[in-house]
Amino acid sequence: MSSTPPNLLASSKHTTPIHLYQPTLKAVPSAISALLAEYSGIAPAEQKEHITTVRDRAYASYPYPCLGRWRFLELDLASHPLYGSEILPALANTNTAHDSNDDTNNDTNDGNDNDNDIDDDWIFLDLGCCLGQDLRKLIYDGADVRRLYGADLNPEFIDIGYTLFGDQDRFSRNAHFIAPADVFDFSETSELSRRCDGRVAILHCTAVFHLFGLDEQKVLARRCLRLLKSRSKWRTTASASAAIPTQNQNHPRRALILGAQTANVRAGDYPRSRSGRMRYRHNEHSWRQFWEEAVAEDGWRDRIASVDVQSVLVERTFGDSDGKGGGGGADADAGADAGGADAEPNNTQAQIGKVEEGFRWMKWWVWIDFV
């Protein structure tokens, strides 16, 4: 991918300020409310106070806008276009969905899962899982818990996730979480490499790529490819493209990477206002080109037969009236302007972020077909 043309550099003259911290949760979104009530046993009347306590604890150490604006309550994976058509069918448990009291649907062996009990040991990995909210939603919706893994750079997020969902006895930390997980550590001794390299058939990666500049994103793409399992027994139900005539079959050579992130109609470098560091925003064209170039690199071109990249750009609004994060996808990255990935803990809770002209939220998916 070529370097960014000068005219694509974001200008502070074309930005919109947004509040990155909302002290009050005005309403609990229905999806997370059902999850907390039926999976965690927290009555609706108690949820707002419970969520606020957990959020404030997390935000005190990590003032990320996805926490400050309640964005983590939106359950990104469940709103992805492939959630119902591909993700849930692939992960389907034979037990009844939404039955959190069924012992056969829960992990109670404290880290001693036997992968031989599963038909083919491919896994689902949530890379950058934050509090693990998407993993809990998967369990609630009937996914086979034995396949589910989460990885995050911050171990405290995993702890806070257990405080939020109260499922330590059913969803073992040792068996299912990797933290700290440094995506730029490719060493064979790293926990992420040891436990996940070559095992992942479905890789979820939301609000991660957009934190970095283009060169770092290329390294991250290589890490994603290393995680993938080139042979796995899982069934896709809706081919991503007519150019890949493999729908409604078992596809032992197929893997899926999917997620969501900030984007811009004009792809290019956009500066963080405080640190001055650049992060790269993609559009549909640049994101497709990015992955086509990634699989054409040495070490991959002879192993990958084809790649199909799809994405949807969504325009977001940034009102604060709903008390649930209003700006949707913006905040996870806008926070880098007022803290976020470069932040130090603070108690001011008066952050103002900036959203540039042309900002979008992009939902995307990448089908990888191995030779």
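What follows is calculated from the coordinates using simple rules that are stated; it is not laboratory data. Here the structure is a predicted model, which means the values were calculated and not measured. Note: ideal-geometry Cβ built from the backbone for every residue, glycine included; neighbour counts use all protein chains shown.
Numbers for the structure displayed
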item: Vicinal HN-Hα couplings computed from phi for segment 283-296 (Karplus, 6.51 cos²θ - 1.76 cosθ + 1.60; Hz; Gly/Pro x); result: 10, 4, 5, 5, 5, 5, 5, 4, 6, 4, 6, 4, 7, 8
item: Residues Asp144, Asp215 arranged by fewest to most Cβ contacts within 10 Å; result: Asp215, Asp144
item: In nm, spacing of pseudo-spin labels at Val219 and Arg316 (7 Å Cα→C-beta vector); result: 2.6 nm
item: When each of Lys48/Lys137; Lys233/Lys363; Lys218/Lys363 is checked by Cα-Cα distance, pairs over 21 Å; result: Lys233/Lys363
item: Zero-based 10 Å bins, Cα pair distances in segment 38-87, whole percents; result: 22, 39, 32, 8
item: Alpha carbon Rg of segment 116-241, scaled by the compact-globule rule 2.2 N^0.38 Å; result: 1.05
item: Using θ = phi - 60° and Karplus 6.51 cos²θ - 1.76 cosθ + 1.60, couplings along segment 36-49 (whole Hz; Gly, Pro as x); result: 5, 6, 8, 8, 9, x, 9, 4, x, 5, 9, 5, 4, 5
item: Rounded to whole Hz, the Karplus (6.51, -1.76, 1.60) HN-Hα couplings of segment 194-207, x for glycine and proline; result: 4, 8, 10, 4, x, 10, 8, 8, 10, 10, 9, 9, 9, 6
item: Fewest-first ranking of Arg195, Arg55, Arg173, using other Cβ atoms within 10 Å as the exposure measure; result: Arg195, Arg173, Arg55
item: Which of Leu220, Leu225 has the fewest Cβ neighbours within 10 Å, and the rest in rising order; result: Leu220, Leu225
item: Distant-in-sequence amide H partners of Arg279 (H built 1.01 Å from N, under 5 Å); result: Tyr270, Arg272
item: R0 of 41 Å, Cβ-Cβ distance Phe184-Ser306: FRET efficiency to nearest 0.05; result: 0.90
